[in-house]
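All remarks here apply to the structure that follows.
The values are calculated or read from the model by the stated rules, or taken from the named source; none is laboratory data. Bear in mind that the values here come from a model prediction, so they are computed numbers and not experimental data. Virtual Cβ from ideal backbone geometry, glycine too; neighbours counted across all protein chains shown. We work out accessible area using only protein heavy atoms, side chains counted, and drop any ligands, DNA or RNA first. Shrake-Rupley method; radii C 1.70, N 1.55, O 1.52, S 1.80 Å.
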Amino acid sequence: MQLWKAIPFATAAIALSASVATADTLDDVKARGTLKCIVTTGLAGFAVADDTGKWTGLDAEFCRAVASAVLGDPSKVEFIPTTAKERFTVLQSGEGDMLARNTTWTLSRDTQLGMNFAGVNFYDGQGFMVNSDLGINSALELDGATICVQTGTTTELNLADFFRRNNMSYESVVFETNDETRNAFEQGRCDAYTTDASGLAAERSVSANPSAYVILPEIISKEPLGPAVRQGDDVWFNIVRWTLFAMIAAEELGVTSANVDDMKASSNNPSVKRLLGTESDLGPMLKLDNEWAYRVIKDVGNYGESFERNVGVNTPLGLSRGVNAQWTDGGLMYAPPIR
């Protein structure tokens with residue numbers, strides 16, 4: 001369903017969000033027995049389906065984490081791939097229960113689209129990629145260039161801001177999906193490709209000749225990427241938010257998918273006990289049982305495990321933790337106390 005084609009987007013957002021705001025998403029998910037999770041049409045490292053239809057990636061794993069917390073089974077996820085333009089309408093209409101689609105948290109999205117961001121699962125920033133044969137070393141050398149960009153994204157707006165700020169001209173060549181944008185860039189239809197730096201690394205990793213492309217050093221924006229839910233359902237919002245916090249807290253506390261059973265049985269750390277449900281009675285505050293976070297860590301892992309498995313230095317993307325490191329290691333990943 002593509003209501004954005006029939007009526008102005010903002011009007012559609014208000015109407016759709018109003019119609020589903022009172023829905024009890026938790027009850028719906030439990031009754032259905034599956035979590036409907038809105039993801040990208042395919043972005044390596046974040047959410048991509050293989051030839052068998054199995055989804056992998058940082059966002060895909062977060063969908064599974066929420067399913068584990070709520071349904072006790074990380075496999076109980078129906079992935080709903082959407083383009084950047086469609087993603088918000090699909091969430092607002094109730095066709096999906098949550099959005100986990102490398103989506104930037106902005107003021108307008110947080111206030112005008114009937115949605116709430118549950119947190120940040122990847123701190124990013126927009127960059128540029130060019131063919132190494134061009135000999136370009138800086139984005140400031142792109143005056144007059146043609147730029148491949150995906151429509152319906154903050155990327156388009158940041159692109160305009162960057163060129164205006166630097167008194168440069170450009171011509172944008174827009175596409176609906178990641179694959180279309182990358183293919184056009186590889187075919188030489190534009191001089192540069194712009195998106196989040198992680199997205200550039202992802203697209204380069206799946207190209208036929210990754211070494212042919214250079215990601216330029218400039219980062220021109222802040223792109224805090226994270227999951228979102230519809231406004232008006234605080235119970236569901238809390239579940240999605242604290243599932244993310246549980247994964248972040250588990251890494252800080254040294255709780256992993258490999259040692260979670262031992263930690264549950266023997267840890268004397270009160271923070272670990274509360275996280276794993278052996279002390280206090282916190283689960284009912286989320287309308288879940290006390291082992292919800294234990295299942296998340298057992299089935300999916302902590303945040304660091306998911307990061308390294310999907311986008312880390314030993315993956316084709318080869319990303320270092322950087323600002324996505326724990327706050328104790330100089331990064332921005334920080335979970336409020338679970339108590």
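Structural descriptor for the chain: relative contact order 21 percent, calculated from alpha carbon pairs under 8 angstrom and at least 6 residues apart. Distance from the alpha carbon centroid of region 204-221 to that of region 73-132 works out to 23 angstrom.
With respect to the chain, whose longest principal axis is taken over its alpha-carbon atoms, helix 154-165 is tilted by about 50°.
The string of couplings for region 257-264 from the Karplus curve (6.51, -1.76, 1.60, θ = phi - 60°) is 5, 7, 10, 4, 5, 5, 5, 5 Hz, one whole number per residue in order, with x for Gly and Pro. When the surface is traced with a 1.4 Å probe over the full set of protein chains, Trp242 keeps roughly 60 Å² accessible. The Cα atoms of region 106-245 define a convex hull whose projected area, averaged across directions, is 9.2 nm². Assuming charge only on the beta carbon of Lys and Arg (+1) and of Asp and Glu (-1), the dipole of the chain about its Cα centre is about 540 debye to the nearest 20. The alpha-carbon atoms of region 210-263 define a convex hull whose volume equals 189 cubic angstrom per residue. Relative to the longest principal axis of the Cα atoms of the chain, the long axis of helix 9-20 lies at roughly 10 degrees.
Taking GluC sites (Glu not before Pro) across region 61-115, none is in a DSSP loop with at most 10 further Cβ atoms lying within 10 angstrom of its Cβ. Computed with a 1.4 Å probe over protein heavy atoms only, the accessible surface of the chain comes to 42 Å² per residue. Summing Lys and Arg as +1 and Asp and Glu as -1 over all other residues whose Cβ lies under 10 Å from the Cβ of Ser280 gives a net charge of +1. Taking only the Cα atoms of the chain, the ratio Rg/Rh comes out at 0.98, with Rh defined as the Kirkwood radius.
Taking Lys85 as the anchor, which lysines have their alpha carbon closer than 22 Å to its alpha carbon, excluding any fewer than eight residues away along the same chain? Partners found: Lys5, Lys36, Lys222. Solvent-free Debye calculation, one equal scatterer per alpha-carbon of region 264-339: log10 I(q)/I(0) at 0.18 Å⁻¹ equals -0.85. Charges were assigned to the Cβ only: +1 to each Lys and Arg, -1 to each Asp and Glu. The resulting dipole of region 254-306 about its Cα centre is roughly 100 debye. Computed from Cα atoms, the angle from the helix 234-253 axis to the main principal axis of the chain rounds to 90 degrees.
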